[in-house]
Amino acid sequence: MPIFVGTGSPDTIVGSAEADTINGEGGNDILFGLAGDDSLNGGAGDDSLIGGAGNDTTNGGAGNDTHYVNNNGDVIVEAAGGGTDTVLASASYALTLGAAVEVLGYRATPTDTTAAPSGASNTTAVVDVNLTGNEFAQTINGTAGANVLVGGRNADPTTGDTLIGYNGDDTFVVTNANDLIYGGAFNVASATDGIDTVFVSVADLEAQGQAVATYTLAANSSIEVLSAQNQSGTENLRLTGSAAGGETVIGNFGANTLSGGGGGDTLIGLDGNDTYLLTNPGDVILQETAGNDTVNFQAGAGASFSFLTAGSGAMANLAVETINLGGATVNVTGSNVAQVINGTAASETLNGAGGVDTLVGGGGSDTYVVDVDGEVITEAQAADTDVLIFNGTTGGFNLAEGVDVEIMAVGDSTTGARLGSSGDINGAAAGTPGVYLVGNSLAQTIFGGGGNDILNGDRGATGAADVLVGGAGNDIYRVYGQDDQVHEFAFDSTGALLGGVPSNAGGNDIVYTSADYSLATNVANIGGTVGGAGDYVETLSAADQSSTTGLNLTGSGIANKIIGAQGNDTLDGGGGGVDTLQGLGGNDTYTIRNTGDVILEAVGGGTDTVNLGAVGVTMTSYTLNAGAEVEVINLGGTVTSATGNSFAQVINGARNSDGTALAVNETISGGGGADTLRGGGGNDLYLVGNPEVVLQDTLGDNGVYYTSNTGGINVGNAVTVSTIRAQNADGTLTTGDVYLVGNNQAQEIFGNTGNNILNGAGGLTSDGRGDTLSGGAGDDIYRVFSSNFSGSKTASGQGDQIIETVNAGTDTVYTSANYVLQANVENLIAADQNFQTNLTLVGNTLNNSISGSAGNNVLVGSTGRDFLTGLGGADTFHFAEMGVDDADTIQDFFAGQGDKISLDVGVFTGFGASIDGSEFQLGTVATGNQATILYDQATGRLFYDADGAGTGSDAVLFAQLTPGTGLAADDFLLTPANTIPTPQP
C-alpha cells in the first residue's frame, strides 16, 4: 500500500493502481488516486481530490475542496466549517452522511494528470444522473439529461437544499420545507428546459416538525408538475405552485390545500376534503371524486369566474360543495351541482347556476342570481345595496323573511333587467306569463308592470323604505316611509322599456308624501336597461301643506312641480327639466339644477337658501327669478356665475363640505339689492350695482365691476381685489359720476367717462408697488397714499401710479406721501393740508397747480407755468427750468416762516456756495458783471441774469411772487444739478 506525501506547497501527486494513501499536506494540491481503493487527504489549501477507479475515501481537510467520485462506494470526508466544498460525480451518487459538502453536481472523472481539473458542475452534458444530498444543505446541479435530484432531509429544519435541473425532463424530491427547486437554470424562468416534476415527501416534512406538510415552489422554478410523492397517502398536505404558474398541482387522498400560486394552473385534489386556492382566471380543477371540497378565491384570480365555462367547460359539473370568494373576485358562477357560495365584505355577484344553491353574501353591495324558487339567500348586511336577479324561465321567487336584499328584478341574457307583467322572459317561449317576485318586511325595490300598480314590498311592515316602480296608467302614489320612492316607466308587450329608454307613457301621476321623498331613479343599471334619465311622476307634494314638519323633496328626470309645506323644506327639482319649486312657509332650501328653474317664494316666507352646486348639475350660470324673496345663494359644482334679484341676498362662492373655499373662478352679481357677496378660492369677478354691497373674499385674484351710474363702491378690507372697474358685465363703460375705493392691498382701478373719484386706499405690495388708478375721460379725482418719488422729477415704478390720457378732463391728485405728478394730470394737492406732514410734490409738463400741507414741503413745478402753494411750514420752492413758459407762480412765499427758493446750479450757473449780497439785487436791471438774481418787489417778478450788467445774456423771468413780498439773498438755496432738495428740518 504505497504512501505519497506532498510538501507544504501546491503539489500534483499521481498514485498507482494499488490502494494508495496520498497526503497533500499544505498548499492547493491535485491528488490522483487512479485504480485501487485509495485514501486521499488534501490537508490545508483548496484541493482537487480525484479518487479514480475503486471505492475511494477523500478527505479535503481545510480549504475549498473539490471531490471527484464515480460510484456510491466513494466516501467523502468533510468537516463542517472546512471551506466551501464541492462533490462532482461522474455517475449517480448519494452523498456520504456526515460530509459537510456545499455543492453536488455532475462531471466526468478527470483523466489528464497534467492539467488542473475544471472544478465546476457540467450542466450541459446530456447525461441522466441521480444525485442525492445528505443532512447538510447543498446546491445540487443537474445536467441536460433526465435527472433525479433529492436534497435529503437536513438536520437543521430551518435550512433547505437548492436543486437545479437545467435542461432535460427532471424529477425532484422535496425533503425540506425550504428546498428551492429550479427546473432550468438558477432563478431563471424557462419554457424550454424539459418537463419537470417535483414530488413532495410528506414523511420528511412531518419529520422536520410540520403539522401539515407544506411546500411552495420558487418564483422562477420552471416546474410543470408539483405532486405529493405518495398520491394514495392520507396525510394532510398543502402545495403551492410558483408565481409564474402553468403547473399541475396534485394532492393525495388526504385533506389537501392546493394552489397554483400564479398563472393558469391545473389542480387535482383526488379524494379527501380538499381546499383549492384559485389565484388565476385560468386555474382549472380536475378529478375531484370524493370528499367535501372547498374553493377559495385568492388575489389574482380575476374579477369574474364561471365554473360553467372555465377550462373549456371542464368544471361545469364539478362536485365542489363550497365556494368562498376572496381577493379581487367579485363575480362567481357555480357549477351544475348544488353549492354553498360565500361572499366577502366586497360587492359581489353570486350565481349558483344549476342545483338548489345557498348563496351567502357578506358586506358590500351583492347581486344574487337564482333560477328556482327554494334557493336560499343569506344576506344580513343592511349597510349596502343588494340585488336579486331571477334567472329562471317560469315561476318566480319568494324572498325569505330576514334576507336584507334591497332590489329584486328579472334577469335576461338579452335585455338585462326587465319589468313586465307578461311577455317572454329569460329565453322562455313568447307569451309565457311573467314571473312573480315577492319581497319581505325589509326595504326593497320591486318592479311593477304595465297598468295600474299597487306595490307593497314589505308585506305591510312599517318603517321599511321601498322603491315602487309602476307602468302605464294615471297612478296616484301615497307614501309614508322616509325613503320610499316611486318610479314611472312604460313597457312593451315583452316587458322591455319602450324605445329602450324610460318614457312618459305611464300616465299623469302625482305622489303625496308625509316624509322625505325623492322621485329620482335609484335603481342601479342592472343589465343595461333600467336606471335611465329620470322618472315620470309629474308632481310631488307634501301630503299636508299646513304641516310645520320640514320635508326633503326631490324631483326626477322630467319637469316637476315640487310643493312643500309650512316647515323648513328642502326642494330639489331633479334636473331633468324646468322645475317649479314652491316652499310655502318656513326656512326653505332650494337645489337648482336647470337655468330655467323657477322659485315661488313669497315675501316673509322665511329665510330661504338656493344651492347651485348639486352633483350632476351641468349649467354654468343661474339668475334668480324676479319676485322670489330668497336670502342666500350658494354657488358650487359647475355653476360659476350667479345673479340675485332686487331683494338683498348673501351670495356665497363654492365651498368644500368643511366650509373651505374651492379654487373656482366665479362671477357673482347681486342683482341690485344690498347684497353680501362672498367668493370662493378662485379669481372671482363681482358685479356690484349698489353702494351698500359688502364684499368678503380674501382668496384669489379678484375683480370688481361697479355697474351703476350713480354712487360707488368701497370694497373694504374683507376682500382681496386686484382690479376695480366702472363698467358693465359686457365690458362697456358706464357713464355716470361714481367713486371707486380700494383697500389695503394694491389694485388697478379704472374709471369711466364720467367724473370719477378713484381712491387706492393705501395698498402696497411686498416689492413696493402701490395702486394703479386710471380715470379715463372726465374731471377725475385721485387719492393716493404711496409715494412714487425717488429723488428726481421722474416718477418711479414704485408707489401709486396714475394713468391719464391727453385732454381727458382736468384731473386732481390728493396725496398723503411724496409724489411726482404723472402725465396728463393737472393738479397735485396734499390730502391732509392741515397736518404738519413734510411732503415733496413734483409736477409734470403741464401747467400744474401744486399745494402742500402745514408741514415743511418741497414743491417742484417742473416744466410748464405752475402755481405753487406751500401753505404753512418752512417750504422750499425748487426751480430747475429757465424760461417764460416755465415760470412758476409762488402763491404764499413767507420768509418769516422759513420759506426758501431752491435753484438748480446746473441751470442757475455762476454762483458760489451761496448767493451773496451783490448777487441778489432789487429791481429789473443788474449792476456788475456777476450772475445776478433780480427781484422786482413791486410786481413780484423774479429774474435770473447770467452775467449781470454784461451784454452776453438778458435777465430771464423764472418765478412770480405776490407783489410786495419781502425777499433777500439768504432766502435762496443752491441745490446741486439735477437734484431735488429735501424738506427743511
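The values are calculated or read from the model by the stated rules, or taken from the named source; none is laboratory data. Model, not experiment: these values are computed from the prediction. Cβ sites come from the backbone with ideal geometry, for glycine too, and all protein chains shown count toward neighbours.
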- Taking only the range 940-959 into account, find how many residues are farther than 13 Å from Gly923 by Cα and buried (at least 20 other Cβ atoms within 10 Å of the Cβ). 2
- Task: Spot the failing condition for Gly251; the list is (1) under 25 Å from Ile181 (Cα atoms); (2) modelled with pLDDT of 85 or more, and only one is missed.
- Result: (2)
- Do you know which of the residues in the range 707-756 that are among the aliphatic types (A, V, I, L, M) and either surrounded by fewer than 17 Cβ atoms within 10 Å (Cβ to Cβ) or free of Cβ contacts under 8 Å to residues at least 24 places away in the same chain (or both) is nearest to Val694 (Cα to Cα)? Ala718
- Output the residue which, of all residues in the range 266-324 that are without any contact (Cβ under 8 Å) to a residue 24 or more places away in the chain and aliphatic (A, V, I, L, M), is farthest from Ala228 (Cα to Cα). Ala316
- Residues being farther than 19 Å from Asp970 by Cα, β-branched (Val, Ile, Thr) and in a strand (DSSP E or B): count how many of those fall in the range 882-904. 1
- Name the single residue, out of those in the range 897-929 being touching a Ser or Thr at 6+ places or on another chain (Cβ under 7 Å) and either among the basic types (Lys, Arg) or modelled with pLDDT of 95 or more (or both), that is surrounded by the most Cβ atoms within 10 Å (Cβ to Cβ). Leu903
- Would it be correct to say that Thr924 is within 17 Å of Val905 (Cβ to Cβ) and either in contact with a strand residue (DSSP E or B) (Cβ under 9 Å, 6 or more places away or on another chain) or of a type in the set (Ser, Thr, Tyr) (or both)? no
- Working only within the range 91-106, note down all residues that are over 60 Å from the mean Cα position of the chain (by Cα) and surrounded by fewer than 19 Cβ atoms within 10 Å (Cβ to Cβ). Ala91, Ser92, Ala94, Leu97, Gly98
- Message: Being under 28 Å from the mean Cα position of the chain (by Cα) and surrounded by fewer than 23 Cβ atoms within 10 Å (Cβ to Cβ) is true for just one of Gly653, Gly681. Which residue is that?
- Response: Gly681
- Note on the range 916-956: residues in a strand (DSSP E or B) and within 14 Å of Ile901 (Cα to Cα) are Phe920, Ile933, Leu934, Tyr935, Arg941, Leu942, Phe943, Tyr944
- Item | Residues (assigned to a strand (DSSP E or B), surrounded by 24 or more Cβ atoms within 10 Å (Cβ to Cβ) and modelled with pLDDT under 90) located in the range 234-248 | Leu239
- Query: Gly770 versus (1) in contact (Cβ under 8 Å) with a residue 60 or more places away in the chain; (2) in a strand (DSSP E or B): which is the lone unmet condition?
  - Reply: (1)
- Query: Of all strands (runs of 3 or more DSSP E) completely enclosed by the range 612-717, which ones contain at least 2 residues that are of a type outside the set (S, T, N, Q)?
  - Reply: 632-634, 650-652, 676-678, 685-688, 697-706, 712-714
- Reported set for the range 84-122 where residues are in contact (Cβ under 8 Å) with a residue 24 or more places away in the chain and among the charged types (D, E, K, R) is Asp85, Glu102, Arg107
- Query: Looking at the range 131-146, which of the residues that are more than 15 Å from Phe186 (Cα to Cα) and touching a strand residue (DSSP E or B) at 6+ places or on another chain (Cβ under 7 Å) is surrounded by the most Cβ atoms within 10 Å (Cβ to Cβ)?
  - Reply: Gly133
- Task: Quick one: Gly311 ticks every box in (1) at negative phi; (2) modelled with pLDDT under 85; (3) not hydrophobic (A, V, I, L, M, F, W, C) except a single one, so which number is it?
- Result: (1)
- Query: When you scan the range 255-331 for strands (runs of 3 or more DSSP E) that lie fully inside it, which ones turn up with 2 or more residues that are closer than 21 Å to Val212 by Cα?
  - Reply: 256-259, 266-268, 275-278, 294-297
- Of the residues in the range 16-28, how many are assigned to a loop (DSSP other than H, G, I, E, B) and in contact with a strand residue (DSSP E or B) (Cβ under 7 Å, 6 or more places away or on another chain)? 3
- Mind checking which residues of the range 123-151 are within 25 Å of Ala79 (Cα to Cα) and in a loop (DSSP other than H, G, I, E, B)? Gly133, Asn134, Glu135, Phe136, Ala137, Gln138, Gly142, Gly151
- Query: On the given criteria, is Thr962 of a type in the set (Val, Ile, Thr), touching a residue at least 12 places away in the same chain (Cβ under 8 Å) and farther than 30 Å from Ala831 by Cβ?
  - Reply: no
- Take the residues of the range 1-40 that are more than 23 Å from Asn71 (Cβ to Cβ) and of a type in the set (Ser, Thr, Tyr): which is farthest from the chain's Cα centre (by Cα)? Thr7
- Of the residues in the range 67-94, how many are assigned to a strand (DSSP E or B) and among the hydroxyl-bearing types (Ser, Thr, Tyr)? 3
- Query: Within the range 816-829, is even one residue among the hydroxyl-bearing types (Ser, Thr, Tyr), in contact with a strand residue (DSSP E or B) (Cβ under 7 Å, 6 or more places away or on another chain) and touching a residue at least 12 places away in the same chain (Cβ under 8 Å)?
  - Reply: yes
